[in-house]
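Okay, so here's the structure we're looking at.
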Amino acid sequence: MKNILEAKRLNKVYEISKENSLQVLRDVEISIPQGEFVSVMGASGSGKSTLLYNISGMDRATSGSILLCDEEISTMGEDDLSALRLEKMGFVFQQSNLLANLNILDNIVYPGFAAKKVNRKDIVIAAKKLMSRMGISALADNDITQASGGQLQRVAICRALINDPIILFGDEPTGALNSKAANDVMDILTDINGNGTTIMLVTHDAKVAARTERVFFMADGIIKGECRLGKSNKEQNPKAREKHLSQWLEEMGL
Ligand code: ADP
Ligand code: MG
């Protein structure tokens, strides 16, 4: 499969003060083929979020190359880069980050509208289709205060998918959820990946990572290794995947 994302010699250095700097990514190399579902694990502070933000162009790496569908994004201007993020990437975070002044349907519609690709009527149709797929159709007119954490995360996933991105990034998208809601979100992400969307998740939860196809392990800004689990499917015993992964993580020192 063709790589959808390729980072080479990616470095990120934070300048803390005139004398002090902190190198958080060290010559990271990572390639993600189209359609893959990958996750990144590692201790807190190892640089997982930084990797996700830099590889997706949300933040600017200090040096290195990032190819998204063969297009170099590290040298792209701000306007082109934000348009690219809006149209080709979806983002889900630990908190759903929805707008409190919009109802749930409008929160989903908003980035579709911002991309100016199709008219509002078509965006609303697409949003309703996504909501139905995620089992949250009944919430369309609700305020964001009128939904559970798990439901809000499903709203956030709908919003992330409204422009039909080629890659979906998640930074601890299940981090604030109970295990049932986390599992439901993983069912949805697995389904989305099954329809061809490439997904890259950061998680500290081995149960979540065990449902992805390939798990990267990060320590001190370096990718120390990867564990290939293959695509998960319903026939497979999830416990066997979890066991395999936890043994590997133990070897890696987590
Ligand atoms: P993780 O997601 O693995 O917990 P992060 O990528 O958030 O780790 O952070 C990695 C390191 O970079 C940490 O030591 C963190 O304190 C530091 N860091 C993150 N963002 C900044 C920033 N904007 N300025 C300075 N240091 C930062
Ligand atoms: Mg983080």
### Task
Enumerate the helices (runs of 4 or more DSSP H) found wholly within region 21-120, keeping only those where 1 or more residues are within 16 Å of ligand 2 (Cβ to nearest atom).
48-55
#### Entry: Lone qualifier among Pro173, Pro165 - being in contact with a strand residue (DSSP E or B) (Cβ under 8 Å, 6 or more places away or on another chain), open to solvent by less than 30 Å² (accessible area, probe 1.4 Å) and within 16 Å of ligand 1 (Cβ to nearest atom)
Pro173
### Message
Quick check on Ser246: is it part of a helix (DSSP H, G or I), among the hydroxyl-bearing types (Ser, Thr, Tyr) and surrounded by fewer than 21 Cβ atoms within 10 Å (Cβ to Cβ)?
### Response
yes
### Cross-chain or 6+ apart pairs with Cβ under 9 Å, region 38-49 first and in contact (Cβ under 8 Å) with a residue 24 or more places away in the chain, then assigned to a helix (DSSP H, G or I) and near ligand 1 (Cβ under 6 Å from one of its atoms)
Val40/Lys48; Met41/Lys48; Gly42/Lys48
#### Entry: Boolean, Gly47 is modelled with pLDDT of 95 or more, within 16 Å of ligand 1 (Cβ to nearest atom), over 29 Å from Ala181 (Cα atoms) and open to solvent by less than 40 Å² (accessible area, probe 1.4 Å)
no
### Task
Can you confirm whether region 101-119 contains a residue that is open to solvent by 40 Å² or more (accessible area, probe 1.4 Å) and of a type in the set (Ser, Thr, Tyr)?
yes
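The rows are residues; the columns are (1) in contact with a Cys (Cβ under 6 Å, 6 or more places away or on another chain); (2) modelled with pLDDT of 95 or more; (3) over 24 Å from Tyr53 (Cα atoms).
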| site | (1), (2), (3) |
| --- | --- |
| Met89 | no, yes, no |
| Asn119 | no, no, yes |
| Val124 | no, yes, yes |
| Gly135 | no, no, yes |
| Ile144 | no, yes, yes |
| Ala147 | no, yes, yes |
| Ile157 | no, yes, no |
| Ile162 | no, yes, no |
### Query
Would you say Ile136 is more than 22 Å from Ile167 (Cα to Cα) and touching a helix residue (DSSP H, G or I) at 6+ places or on another chain (Cβ under 7 Å)?
yes
### Query
Is it the case that some residue within region 181-190 is open to solvent by less than 30 Å² (accessible area, probe 1.4 Å), within 16 Å of ligand 1 (Cβ to nearest atom), in contact with a Gly (Cβ under 7 Å, 6 or more places away or on another chain) and not charged (D, E, K, R)?
no
### Task
Please give the helices (runs of 4 or more DSSP H) falling wholly within region 126-227 in which 1 or more residues are polar (S, T, N, Q).
149-161, 179-194
### Query
When residues of region 214-232 are filtered for being touching an Asp or Glu at 6+ places or on another chain (Cβ under 9 Å), modelled with pLDDT of 95 or more and among the charged types (D, E, K, R), how many remain?
2
### Task
Filter region 127-143 for residues that are open to solvent by 40 Å² or more (accessible area, probe 1.4 Å), of a type outside the set (D, E, K, R) and under 24 Å from the mean Cα position of the chain (by Cα) and give the result.
Ser132, Gly135, Ser137
### Query
Taking region 192-211 as the region of interest, how many residues are under 26 Å from Leu86 (Cβ atoms) and either open to solvent by less than 40 Å² (accessible area, probe 1.4 Å) or touching a residue at least 24 places away in the same chain (Cβ under 8 Å) (or both)?
10
### Task
Give the residue that is least open to solvent (accessible area, probe 1.4 Å), with candidates limited to residues of region 8-25 that are closer than 26 Å to Pro173 by Cβ and in contact (Cβ under 8 Å) with a residue 60 or more places away in the chain.
Leu25
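The values are calculated or read from the model by the stated rules, or taken from the named source; none is laboratory data. Worth saying up front: this structure is predicted, and the values here are computed from it rather than measured. Glycine also receives a Cβ, built like all others from the backbone with ideal geometry; neighbour counts cover every protein chain displayed. Each accessible area value is taken on the protein alone, full model and side chains, heavy atoms only, with ligands, DNA and RNA left out. Shrake-Rupley method; radii C 1.70, N 1.55, O 1.52, S 1.80 Å.
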